[in-house]
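Novice: What follows is a structure written as structure tokens; I'll ask about it next.
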Amino acid sequence: MNPRFIMIGGFLGAGKTTTISRLAKHFQDSGLRVAIVTNDQATDLVDTNLLRSQGFDVGEVAGSCFCCNFNELTSTVERLSADQRPDVVIAEPVGSCTDLVATVIRPLQQIYNQPFDIAPYGVIVKPSHGLKILKKVAKGGFSPQAEYIFKKQLEEADFIILNRIDELSAEVVAELQALIQAHFPNVPLVQISATTGAGFDALADQLDQKGEYGTRMMEVDYDVYAEGEAELGWLNAQVELNSLEALDLDQFVLTLVQRIQSHLASESSEVAHLKAIGMADGKFVVVNAISSDTSATLSMPSGHNCLRAELVINARVAVAPESLTKTIERILLATSLEWKVEAAIRTLQSFRPGRPVPTHRLLTN
């Protein structure tokens, strides 16, 4: 039996990692071997650290997206298969990428020499930005070019996943459902909460469908696509924390992310996704902020006090990377001084993504 290849797309902050984690556990509980491949424009990923902390077999394609580094994607899958061939491979693409059917799924079907059983391609809707973009709210946070990417991601989906329903009123869920169905008629829609597990039976059933998937034809203006990606400043940083007194890791990381988010909002710099993971003594805390006008959340508390910890920060914000770097460095310094913590930045990468240049782009099935 060929491995099942599942790719879960969606915009930055849509909840892909939490969804993938719950899916991986679902498949493991069914007795299947699962491998996960994460993806980012840079190294030091919160997502990779989080999934590995949960015991999953995770490979990382860093430095460019799946579509622009297709050979690294296939090499990573092969490395994960070296000891024991997985029954299911789950891939999490970069949240600012689109055109993934033509540049990832079809090349896997037509070029890669290891046959896969391709699952329907599901794309997650991020409610906070999705509501603004699909309602065409003026000044909804991002430029028309970035909104173009958001819509194109949904256009190529075999089915659409409305996530975070536990955070929304019934009226907002109904409004989003109507907007999605108006923009993308005849595309199946599944409503879930990746956090609580609501709707996951329907999601698993959708992914278990058999047939020819990854067949939607879509035109993409790569000039607009490139402009949309370049709107965002990206930052990945790895920080070592040392304290003379027991540090409440959860509250430190939450306070840090809240202050960064608040400062960015004060400058009208829209947050696409700001996330951090603190790691100490086998314990992990994760904090997420998915827009400028929604509160940062303690997604995974550690309940741990420590003297030493590792911190990874990933930020994707509509602001110049140089400004983003200065903001995060300044707030990290001020917060660590207040908490009497020594914070040493070990690595920091800050940039705008370059123009996407796919390894392969196949427009026919």
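Novice: Sorted from largest to smallest, which semi-axis lengths in Å does the alpha carbon gyration tensor of the stretch 243-339 give for its equivalent ellipsoid, taking the root of 5 times each eigenvalue?
Specialist: Equivalent-ellipsoid dimensions as semi-axes: 23, 14, 10 Å.
Novice: Determine the calculated [θ] at 222 nm for the chain from helices alone, applying -39500 (n - 2.57) to every DSSP H run no shorter than 4 residues and normalising by the residue count; nearest 500 deg cm²/dmol.
Specialist: So the helix-based figure for the chain works out to -10500 deg cm²/dmol.
Novice: Checking the table K25/K283; K16/K326; K25/K126; K25/K275; K126/K152 against a 24 Å threshold on Cα-Cα, which pairs fail?
Specialist: Distance filter (> 24 Å) returns K16/K326.
Novice: Placing one identical point scatterer on every Cα of the stretch 1-121 and ignoring solvent, what is log10 I(q)/I(0) from the Debye formula at q = 0.10, 0.12 Å⁻¹?
Specialist: Normalising to I(0) and taking log10 leaves -0.26, -0.37.
Novice: Evaluate the distance, in nm, between pseudo-label points positioned 7 Å from the Cα of T196 and of H183 along their respective Cα→Cβ axes.
Specialist: Between T196 and H183, the simple spin-label model gives 2.4 nm.
Novice: How many angstrom separate the Cα center of the stretch 264-323 from the Cα center of the stretch 107-146?
Specialist: Taking the Cα centre of the stretch 107-146 as reference, the centre of the stretch 264-323 is 23 Å away.
Novice: With the contact rule set at Cα under 8 Å and sequence spacing of 6 or more, what percent relative contact order holds for the chain?
Specialist: 21
Novice: Given contacts defined as C-alpha pairs under 8 Å and at least six residues apart, what's the relative contact order of the stretch 232-351, whole-number percent?
Specialist: After rounding, I find 43 percent.
Novice: A further question on this structure: Whole percent per 10 Å bin, from 0 to the bin with the longest distance: what is P(r) over all C-alpha pairs of the stretch 51-146?
Specialist: 12, 38, 29, 16, 4, 0
Novice: Go through the stretch 153-253 and name the trypsin sites (Lys or Arg not before Pro) that are in a DSSP coil and have 16 or fewer other Cβ atoms within 10 Å of their Cβ.
Specialist: For trypsin sites (Lys or Arg not before Pro) across the stretch 153-253 that sit outside H, G, I, E and B with at most 16 neighbouring Cβ atoms in 10 Å, the list reads K210, R216.
Novice: Ranking request for peptides 8-14, 327-333: highest mean number of other beta-carbon atoms within 10 Å first, then the rest in descending order.
Specialist: 8-14, 327-333
Novice: Give the Rg/Rh ratio for the stretch 4-229, taking Rg as the radius of gyration of the Cα atoms and Rh as the Kirkwood radius, to two decimals.
Specialist: That ratio equals 0.94.
Each value in this text was obtained by applying a stated rule to the coordinates, not by laboratory testing. Remember, it's a predicted structure, so these values are computed and weren't measured experimentally. Here the Cβ is made from the backbone with ideal geometry for all residues, glycine too, and neighbour counts use every protein chain on show.
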